[in-house]
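To start, the structure under review is shown below, and the notes come after it.
The values are calculated or read from the model by the stated rules, or taken from the named source; none is laboratory data. The structure presented is a predicted model; accordingly, all values stated were derived computationally and were not measured. We place every Cβ from the backbone using ideal geometry, glycine too, and count neighbours over all the protein chains shown. When the accessible area is computed, the model is the full protein with side chains, heavy atoms only, and any ligands, DNA or RNA have been set aside. Shrake-Rupley method; radii C 1.70, N 1.55, O 1.52, S 1.80 Å.
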Amino acid sequence: MDFEAENEERTLAKSLRSVTRERWLLVPRLGLDARGSVYHPNLLGFGMALELGADREHLALDSADQAYDSTGFLQRYHATLTLLRKKPYATFLSADKDVSFRQSDFFHRGEVNSQRFGMTTGYRAGPVPITFSGSHLEEQVTGLTRLSQRVQDVFTVTASNKRDRGHTEVSYRWEQYAQDEPDYVQNGVNHDASLSDVEYFDSAQEKRLISTLLWSRLSTAPSSFRTESLHVTERLDLEHTPSFATFYDYSFSANTTGLANTTTHSGRLGVRHQLYDNLQSTADLHADNVRAIGPGSRLATARFGGRVNEAYTRHLGGWGLLTFNCGFQLDSEKRDSSGGELFIVDERHTLRDDVPTFLAQPEVVAVTAVTDSSGTFHYRQGLDYYLVSRGTFTELRRIPGGTIPNGGAVLVDYTAAAQASAAYDTMITGANLRIDFWERRLGLYGRVNLTDTFGDTHLLVDSETTETVIGVDTDWSWLRAGAELIDHDSDLVPYRSLRLYESFAFAPSSRSALGLDLTQTRTMYPDRDQITYGFIGRYRQRFSACFTGNIEGGKSIERGEGFDQDVTTARFAFDLTYAQLAVNFGYEFANETLYGEKRIRHFLFLRVKRNF
């Protein structure tokens, strides 16, 4: 039997009107588990875990003075079917329907009701084994900042060939999806094809050629844009002696979104030398050619240069370890630009809460799309991310509780004001030093990166940048802590960032564990500050061999011009397993304020299961 009770209250920012939603769900259910085969296990094997029942749900909305009562038929199951499992053409079928939890970060967790069907077959013998697979997924996510429903159909075919001195793999993936959220619906069809090949020229596999080809095409709604991309890479590694090697890279990419397209050619050749066990030198020559064309605009960039890097490590007696890296890079670049705006397609970024992320081009006119790393799922401004103007540059930040995970990769399409044509040289110098004491229990580190531009600097937006980082960290027994200061001195977006973190892990007894995590971050711009505080506590107690409890809670505070957020979360759960009886009882509380809108949620659940 399952019982759930939920109460959620929202206070709208503009009208100060309160909306309350109450829901309770009672589900008595009966389950059946079965495992077996027909005639012989190698002919047809099956497994099934089935739960049937009736659910009664009550939903009330006080803002509309409405209440709903519904009774339905519950199904939860996990079924597998294996046909001719010992044959190269064995076939596997599966079906699942269940309820689980999905956590975007510690403070935001949602309940996922999902149903999935899948099949895998093929022919796995011979010189070219081939596999076919298909799946259908329906899921509904509740309890996060917004309700979402997703339907997805996927078909994949993969063929491969393995040889003594190489292997090749070809794959194709077709996906059709629909994402439904309040006031927003997106759907599309995605095609992905890939070819990868590795060739070894010696038995030791020290000389090899790696080739890849990736092609994708995505048609989406409501934008009705078609996005298409092609990426080709070649890498040749040659190890001439145990201490000397050379490498050669080439890549080509073409991206098209709507009426804008970008093509890029990149090449690199380099050497790597190991003079001593603790000293490695790397040098390379590289070149890039980029062409971006959009309605009424054109950008052509040609860049070539060289880079040298040294990496050194040394043990300091029995008490320390020194690591030092330094590098120098000099590039010459020529940029030809025409038109009023540039169209940037699939600019990749990684969004972290503690590191500012800026779009590469200054004077952004409009951000047209922010998607996941595959370009399939479109994120929403104001719910998943927000934009902040920092001088002539634009900062992109994720919103905690949205669908972008902390540290997640995104692709950005946007338009920016065209920059003047120019020719210039860029010199980049960097060094970092780290000293670890007493088996890495204490570490001190620092790094400096300087970027200077020479030539038509009066036509450039940013011609000089210096970034200095100093920090200390410790990992000693139950304590892990650190402090880091970043001084980013730039012509346009200077800032300083101070980050502190403390983590404590205790074991009060052999049956319990206590953990505390604290973070403090302050980023200081010339005209404003961004401040974030976080606290998370966890406690786990094993009362007996069959009874355990978990309690956790935390608070996050973020302050900045145009964005204030407070989140408080607390939850506990107790699990009892005795003989054939299993009992799960828990409670969750969430209190969140974002953009002046307040959301309070209580969620209580009880699940009882008895096996016979």
>> Can you compute the FRET efficiency between ARG380 and SER332 using 1/(1 + (r/R0)^6), with r the Cβ-Cβ distance and R0 = 45 Å? Round to the nearest 0.05.
In response: 0.65
>> Can you work out the Karplus-derived ³J(HN,Hα) for every residue in the stretch 429-435? Use 6.51 cos²θ - 1.76 cosθ + 1.60 with θ = phi - 60°, whole Hz, and x for glycine or proline.
In response: 10, x, 8, 9, 9, 9, 10
> Any idea how far the Cα center of the stretch 415-448 sits from the one of the stretch 518-552, in Å?
Replying inline: 30
>> Explain nothing, just the number: relative contact order of the stretch 152-220, from Cα pairs under 8 Å at least 6 residues apart, as a whole percent.
In response: 28
>> Give me Rg/Rg_expected for the stretch 497-588, where Rg uses Cα atoms only and Rg_expected = 2.2 N^0.38 Å with N residues.
In response: 1.51
> What whole number of Å gives the distance from the Cα centroid of the stretch 266-282 to the Cα centroid of the stretch 320-355?
Replying inline: 22
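As a test of reading the structure, rank LEU351, LEU26 by solvent-accessible area (1.4 Å probe, protein chains only), most first. Walk me through the numbers on the way to the answer.
Numbers: LEU351 5, LEU26 70 Å².
In descending accessible area the options line up as LEU26, LEU351.
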> Which of these values of log10 I(q)/I(0) by the Debye sum over Cα atoms at q = 0.06 Å⁻¹ was calculated from the structure shown: (1) -0.33; (2) -0.45; (3) -0.72?
Replying inline: (2)
>> Classify the stretch 124-239 from the C-alpha gyration tensor, please: rounded if a/c falls under 1.5, else prolate or oblate depending on whether a/b exceeds b/c.
In response: prolate
> Excluding ligands, DNA and RNA, what is the solvent-accessible area per residue of the chain at a probe of 1.4 Å, expressed in Å²?
Replying inline: 53
> Put +1 on the Cβ of each Lys and Arg and -1 on the Cβ of each Asp and Glu in the chain; which of THR577, VAL370, VAL128 then has its Cα farthest toward the positive end of the dipole?
Replying inline: THR577
> Which whole-Hz ³J(HN,Hα) couplings does the stretch 403-412 yield from phi under the Karplus relation 6.51 cos²θ - 1.76 cosθ + 1.60, θ = phi - 60°, glycine and proline marked x?
Replying inline: 8, 8, x, 5, x, x, 8, 9, 10, 10
> Taking 0.36 nm per intervening residue step and subtracting the Cα-Cα distance, what contour gain separates PHE589 from ASN406 on full extension?
Replying inline: 63.7 nm
> lysines near LYS87 by alpha-carbon distance under 27 Å, same-chain residues fewer than 8 away left out - which ones?
Replying inline: LYS162
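So if each residue of separation counts as 0.36 nm, and I subtract the Cα-Cα distance between GLU439 and GLU502, what length gain in nm does that give?
Net length gain for the segment: 20.7 nm.
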> Using the per-residue mean of other Cβ atoms lying within 10 Å as a proxy for protection, in what order, highest first, do the peptides 82-88, 44-50 fall?
Replying inline: 44-50, 82-88
> Given the protein chains as shown and a 1.4 Å probe, how many square angstrom of PHE244 are accessible, to the nearest 10?
Replying inline: 80
> If Lys and Arg each add +1 and Asp and Glu each add -1, what is the summed charge of the other residues whose beta carbon sits under 9 Å from the beta carbon of GLY327?
Replying inline: 0
> Could you give the alpha-carbon Rg of the stretch 294-422 over 2.2 N^0.38 Å, rounded to two decimals?
Replying inline: 1.39
> Using modelled amide H (1.01 Å from N, peptide plane; none on Pro or chain starts), what sits under 5 Å from the amide H of THR357, excluding residues fewer than 5 places away?
Replying inline: LEU396
> So what is the relative contact order for the stretch 309-365, in percent, with contacts set as C-alpha pairs under 8 Å and at least six apart?
Replying inline: 20
> What percentages, rounded to whole numbers, describe P(r) for the stretch 207-340 computed over all alpha carbon pairs with 5 Å bin width beginning at zero?
Replying inline: 2, 8, 13, 13, 14, 13, 11, 9, 7, 5, 3, 1, 1, 0
> Where in the stretch 76-98 does the amide nitrogen come within less than 16 Å of the point 7 Å from the Cα of SER194, taken along Cα to Cβ?
Replying inline: none
>> Could you tell me the calculated FRET efficiency between ARG85 and PHE543, based on Cβ-Cβ distance and R0 = 30 angstrom, to the nearest 0.05?
In response: 0.10
>> Relative contact order for the chain: what percent, with Cα pairs under 8 Å and sequence separation of 6 or more?
In response: 8
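If you take the square roots of the eigenvalues of the alpha-carbon gyration tensor of the stretch 362-487 and sort them as a ≥ b ≥ c, do you get rounded (a/c under 1.5), prolate (a/b over b/c) or oblate? All intermediate terms of the calculation are to be shown ahead of the outcome.
Working: a/c = 2.99, a/b = 1.25, b/c = 2.40.
Verdict is oblate for the stretch 362-487.
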>> I need the calculated FRET efficiency for the pair ASP489 and THR392, taking r as the beta carbon distance and R₀ as 22 Å, to the nearest 0.05.
In response: 0.85
>> Less than 17 Å apart at the alpha-carbon level, and either on another chain or at least 8 residues along: which lysines does that give for LYS555?
In response: LYS598
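Cβ under 10 Å from ALA409's Cβ, ALA409 left aside: what net charge do those residues give with Lys, Arg +1 and Asp, Glu -1? Walk me through the numbers before you get to the answer.
Numbers: positive: ARG348; negative: ASP372.
Around ALA409, the surrounding residues sum to 0.
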> When the Karplus curve 6.51 cos²θ - 1.76 cosθ + 1.60 is applied with θ = phi - 60°, which whole-Hz ³J(HN,Hα) does each residue of the stretch 526-543 get, with x for Gly and Pro?
Replying inline: x, 10, 6, 10, 10, 10, 9, 10, x, 9, 9, x, 9, 9, 10, 10, 9, 6
